[in-house]
Each structure stands twice: as structure tokens, then as C-alpha cells.
Amino acid sequence: QVQLVESGGGLVQAGGSLRLSCAASGRTFSNYAMGWFRQAPGKERKFVAGISYTGRSTSYVSSVKDRFTISRDNDKNTVYLRMNSLKPEDTAVYYCGAEAYGLGTPSGNFGSWGQGTQVTVSS
């Protein structure tokens with residue numbers, strides 16, 4: 001019942017910043033926890049950050065703590081990922097997923113994946 005479209009990726013120099021957006025369709029957006037995942041070439045998709053359906057709790061993989069911030073704007077049906085101090089190892093395709101009434105933690109049952117947006121960080 002929810003469709004997701006990611007945007008905001010691009011090419012950035014190490015140390016730079018990007019803000020990714022995930023636009024959701026559907027009137028029940030506020031009932032879903034949202035998560036950001038990334039997949040590098042030849043590797044599995046991995047959890048990066050999540051936010052509970054209430055927006056009151058967030059979760060991050062240790063490698064992005066203090067650099068990335070996930071947030072949501074229910075009035076715009078959009079979830080954001082602000083990425084600061086980017087490193088070459090952050091290079092990947094970034095996807096967002098949804099979890100009904102979830103907490104946005106790595107073990108959550110996310111689905112309804114978007115098409116992804118490419119982030120490339122040069123050194």
C-alpha cells in the first residue's frame with residue numbers, strides 16, 4: 001500500500017555532504033517506520049539508518065553515527081537522510097524501505113523498496 005521513490009544522490013568529494021529524500025505515496029505513511037539501506041557493487045544490501053513510525057526513535061549503523069541523520073516529515077510523506085563528512089566507503093546505491101508500525105531497527109521487516117539513488121564519494 002506504499003510506494004517509495006528515492007532521490008538526491010550524486011557525486012561528491014570526500015568530506016562533503018548530501019541529503020537524500022524518499023517520497024512515499026499512500027495515506028497511511030505515518031503508520032510506517034522507515035529505513036535507509038545501501039548496497040555496494042557485488043555486496044549485499046545493508047542497513048544504514050531507521051526511524052520509528054512515531055518519529056521518536058532512530059537507529060544507525062556504527063559506521064555512520066555522528067555523520068548521518070535520518071528524519072521524517074509526515075506532512076510531505078517524505079523521509080530524509082542527511083549525510084555529512086562523507087567517505088569513499090559510503091559509496092553505494094541507497095534504498096529506502098517501509099515497516100508497518102515498526103521501530104526502524106536493523107532487524108525490522110522492511111519492504112516496498114524504492115528504485116535506489118546512487119551516491120559516489122571521491123577521494
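Rank TYR53, TYR101, TYR80 by mean-square fluctuation in a GNM of the chain with C-alpha springs under 10 angstrom and give only the top-ranked residue. The residue that fluctuates most here is TYR101.
Based on protein heavy atoms only, the stretch 71-123 ends up with 49 Å² per residue of surface accessible to a 1.4 Å probe. Its Cα centre serving as origin, the stretch 62-123 has a Cβ charge dipole (Lys and Arg +1, Asp and Glu -1) of approximately 100 debye. About its Cα centre, the chain has a charge dipole of approximately 100 debye under the convention of +1 per Lys or Arg Cβ and -1 per Asp or Glu Cβ, with nothing else charged.
When the Gaussian network model of the chain links Cα atoms closer than 10 Å, the mean-square fluctuations of SER52, SER63, SER30 top out at SER63. Among LEU103, LEU81, LEU11, determine the one that fluctuates most according to a GNM of the chain built with springs between C-alpha atoms less than 10 Å apart. Fluctuation is largest for LEU11.
Rolling a 1.4 angstrom probe over the chain with all protein chains present gives an accessible area of which 45% lies on carbon and sulfur atoms.
The values are calculated or read from the model by the stated rules, or taken from the named source; none is laboratory data. Source: prediction; values computed, not measured. Backbone-built Cβ (ideal geometry, glycine too); neighbour counts: all protein chains shown. For the accessible areas, the whole protein counts, side chains as well, though only heavy atoms, and no ligand, DNA or RNA atoms are used. Shrake-Rupley method; radii C 1.70, N 1.55, O 1.52, S 1.80 Å.
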